[in-house]
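Below: the structure, in structure tokens.
No value in this document is a laboratory result; all are computed from the given coordinates. Bear in mind the structure is a predicted one, so any value in this text is a computation, not a measurement. Note that each Cβ is placed from the backbone with ideal geometry, even for glycine, and that neighbours are counted across all protein chains shown.
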Amino acid sequence: MKFRSFDSFRVFEKVAQLESITLAAEALNLSKSAISYQITKLENELGFLLFDRVNSRLVLTTKGRRLWYVAESSLNQIEREINLLRGENSGTVKVGIVSSFASRWLSPRLTNFFEQCPDLGLKIESINSIDEFSNADFSLAILWGDSWSDFEYELLMPTSSFVLGNRKIYEQTRSITLEEAMKKIPLLNDGFYGGNGGMQAWHRQANLEYNPSKSSLKITDASTRLQAVVDGQGIALWDELVNEEIESGKLFYISDIMLPGFGYHLVYKNKNSLSIEEKNFCKWIKSELPKQTNSKTL
């Protein structure tokens, strides 16, 4: 039987991307009932389920995920072709990037990027969490962490992460135990690695109970969190991107315990559906870093 429900593909692609009928309805400016109707109509015509409900969350079935890969790739190709026919510039890559990585690592290399990729534009979006990436309209991001379920990812730069504070905080920790310091002094948590982020992972590495003071903060923006540490607002987990602050005496190591296995990764919604421009950006940024042997995809 000839397939006819092509109008439902855009709806399906958005629901699959956001894993939510409510969010898809907001994104497409449709009612939730209209979204549900389109999905049901599509499933009826296909003859198989596209989604399972797991703990009130929509999860793609195996067949649904295969179809999503095709739908996303095809729709992106159609959109690029329309832009070309309209005479619009389709050579711009939109990437979500952790603000500290963008300002401290990427920015000094952008001249090199435009010299090597003169026909490629770049639009950088500050991104604070994997949830923001899930709901964003771009398919490529650079995030800090160690792994993300339901996403493909590749390690770009492994990091050696330590807990740091300014001079006042550092001197305060000298008179108490590390365990007491991590409970009494506010912890400035990140939002990049789920929940309270790498700070919880560091506690496990240090064999400490994660029991922060009630005055602890969660600051998802990396640049804002760094300034808060320098200003003495508390202790935070940081890597070699802040070597300048360490060497200048603005920040100090609270402990020599390192959090291993974390780093900055390229994270994809669907690696197979990347545009030529996105692939070229990935190729360029990988060329700027030493090759890693522990890249991983899921």
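Protection proxy ranking for 61-70, 96-105, 240-249, using the average of other Cβ atoms within 10 Å per residue and placing the highest first: 96-105, 61-70, 240-249.
Counting each DSSP H run of 4 or more residues in the chain as -39500 (n - 2.57), what helix-only mean residue ellipticity at 222 nm follows after dividing by all residues, to the nearest 500 deg cm²/dmol? Intermediate results must be reported in sequence, preceding the final value.
On the way: 12 runs with 121 residues, N = 298.
Computed mean residue ellipticity for the chain: -12000 deg cm²/dmol.
Counting DSSP beta bridges with both partners in the chain, what percentage is antiparallel, nearest 5? The antiparallel fraction comes to roughly 65 percent. FRET efficiency for the Leu28 to Tyr210 pair, using the beta carbon distance and R₀ = 30 Å, is estimated at 0.15. With viscosity 0.890 mPa s and temperature 25 °C, the Kirkwood radius over alpha carbon pairs of the range 93-165 converts through Stokes-Einstein to a diffusion coefficient of 178 µm²/s. P(r) tail for the range 25-179: Cα pairs beyond 26 Å make up 51% of the total.
Near the amide H of Val98, under 5 Å away, which other amide H atoms are found, from residues 5 or more places off or on another chain, if H is placed in the peptide plane? Distant-sequence amide H within range of Val98: Ile127, Ile142. A Stokes-Einstein calculation at 37 °C with viscosity 0.692 mPa s, built on the Kirkwood radius of the range 15-54 over Cα pairs, returns a diffusion coefficient of 314 µm²/s. Evaluating kT/(6 pi eta Rh) at 4 °C and 1.567 mPa s, with the Kirkwood radius of the chain over Cα pairs in the Stokes-Einstein relation, gives 60 µm² s⁻¹. Residues whose amide H lies under 5 Å from that of Lys218, counting only those 5 or more places away or on a different chain, are Asn189; hydrogens are built 1.01 Å from N in the peptide plane. Close amide-amide hydrogen proximity is noted between Gly165 and Phe252, Ile254, each under 5 Å apart and 5 or more residues distant or on a separate chain (H modeled in the peptide plane; Pro and chain starts excluded).
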